[in-house]
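Read through the structure below, which is laid out as structure tokens, and then see the notes.
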Amino acid sequence: MTVNRSYLNAITPSRVLNTIIYANVLLFIISLIFSGRSMHTGFNPFNALSPATDVLVFLGASGKIPIQAYQAWESLITANWLHGSLLHIVFNMLALKTVAPLVMAEYGVFRMFSIYTLSGAAGFLLSVMGNVPLTIGASSGLCGLIGALLYFGRSSKGLRAQQVYQQTSGWIISLVVIGFLLPNINNWGHAGGLIGGIALGWILGYDDRRRENRWDRGLAVFLTGITVLLLALPVIQGFFLVFF
């Protein structure tokens with residue numbers, strides 16, 4: 001029991017959030033290194049420091065092309081960790097630092113990660129159904145976290161829930177506006193992530209209804225293992241292809 005407690009005590013919200021951010025940044029740097037001279041540079045903030053498209057597909061970008069052409073169903077998981085430009089990853093990581101702590105406060109660390117992962121996959125799956133050719137980014141998972149918060153705010157009682165509901169409603173309005181104003185926004189992924197987050201918020205529940213248990217921890221650990229494996233394989237293979 002001592003080992004289990006020390007293990008759980010080591011998994012703090014700040015450590016989990018920082019690990020997710022560091023992993024995203026590391027994969028972005030790796031994608032730039034693998035791109036080499038094919039990396040897109042320039043002064044356009046939407047394209048500055050953009051990895052090559054073929055590198056992103058190799059590392060796990062999702063969409064109609066990877067899944068129909070290569071049967072890359074694992075991309076439903078891996079695409080959530082890849083980004084197409086410096087602005088893209090900075091925006092998503094700043095948003096994650098705002099949203100994830102709120103979800104962890106209501107659902108716990110383990111359920112937050114499961115919601116982030118599975119709702120991201122739902123967003124990319126809907127993107128394929130919506131004929132989006134190629135898509136990446138943490139925004140599908142982020143929308144899933146927002147969906148979980150929306151469900152909490154709508155179904156729970158009290159001032160805290162009302163505040164969360166008002167805040168998340170404002171975020172959703174912003175997402176809709178951004179989706180129509182900015183180029184290359186995957187609205188299918190946002191919608192799928194949001195719906196997935198609402199559904200997972202209902203299925204997994206939040207602390208006011210039940211505390212996290214070993215099944216929540218087991219699911220999160222399983223998803224972590226699958227994610228690490230799926231991300232590591234192309235990185236290791238790409239390392240040998242680029243440097244040997």
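The values are calculated or read from the model by the stated rules, or taken from the named source; none is laboratory data. These numbers were taken from a predicted model, which means no experiment stands behind them. Note that each Cβ is placed from the backbone with ideal geometry, even for glycine, and that neighbours are counted across all protein chains shown. Only protein heavy atoms, including side chains, enter the accessible area calculation; ligands, DNA and RNA are left aside. Shrake-Rupley method; radii C 1.70, N 1.55, O 1.52, S 1.80 Å.
A Cβ distance below 7 Å, combined with a sequence gap of six or more or placement on separate chains, defines the contacts here; from segment 173-189, residues that are open to solvent by less than 80 Å² (accessible area, probe 1.4 Å) reach residues that are of a type in the set (Gly, Ala, Ser) in the pairs Ile185/Gly179; Asn186/Ser127; Asn187/Gly179; Gly189/Gly123; Gly189/Ser127; Gly189/Ser139; Gly189/Ser140.
Starting from residues that are in contact with a strand residue (DSSP E or B) (Cβ under 8 Å, 6 or more places away or on another chain) and either surrounded by fewer than 24 Cβ atoms within 10 Å (Cβ to Cβ) or of a type in the set (Gly, Ala, Ser) (or both), keep the ones in segment 116-133 and report whichever is nearest to Gly201 (Cα to Cα). Lay out the reasoning, then the answer.
Quick first cut of segment 116-133, residues in contact with a strand residue (DSSP E or B) (Cβ under 8 Å, 6 or more places away or on another chain) only: 124, 127-128.
When the remaining residues are screened for being either surrounded by fewer than 24 Cβ atoms within 10 Å (Cβ to Cβ) or of a type in the set (Gly, Ala, Ser) (or both), the result is 127-128.
Details: Ser127: 21, Val128: 23 Å.
My answer is Ser127.
Do we find that Leu219 is open to solvent by 30 Å² or more (accessible area, probe 1.4 Å) and either closer than 22 Å to Thr78 by Cα or in a helix (DSSP H, G or I) (or both) in this structure? Criteria met by Leu219.
Considering (1) of a type in the set (A, V, I, L, M, F, W, C); (2) at pLDDT 95 or above; (3) open to solvent by 20 Å² or more (accessible area, probe 1.4 Å); (4) over 21 Å from Val25 (Cα atoms), the lone condition that Ile146 does not fulfil carries the number (3). Taking segment 74-107 as the range and being farther than 24 Å from Ala148 by Cβ, more than 15 Å from the chain's Cα centre (by Cα) and not aliphatic (A, V, I, L, M) as the test, only Ser85 passes. The helices (runs of 4 or more DSSP H) located wholly in segment 1-110 that include 2 or more residues which are touching a Leu at 6+ places or on another chain (Cβ under 8 Å) and crowded, with 16+ Cβ neighbours inside 10 Å occupy 13-35, 53-59, 64-70, 75-78, 86-107.
Within segment 152-172, the set of residues being open to solvent by less than 30 Å² (accessible area, probe 1.4 Å) and assigned to a loop (DSSP other than H, G, I, E, B) comprises Ser156 only.
Among the residues making up segment 26-37, those that are touching a helix residue (DSSP H, G or I) at 6+ places or on another chain (Cβ under 7 Å) and not aromatic (Phe, Trp, Tyr) are Leu27, Ile30, Ser31, Ser35. The sole residue among Ile198, Ile226, Ile136, Ile203 that is open to solvent by 80 Å² or more (accessible area, probe 1.4 Å), among the aliphatic types (A, V, I, L, M), closer than 26 Å to Pro13 by Cα and at pLDDT 95 or above is Ile203.
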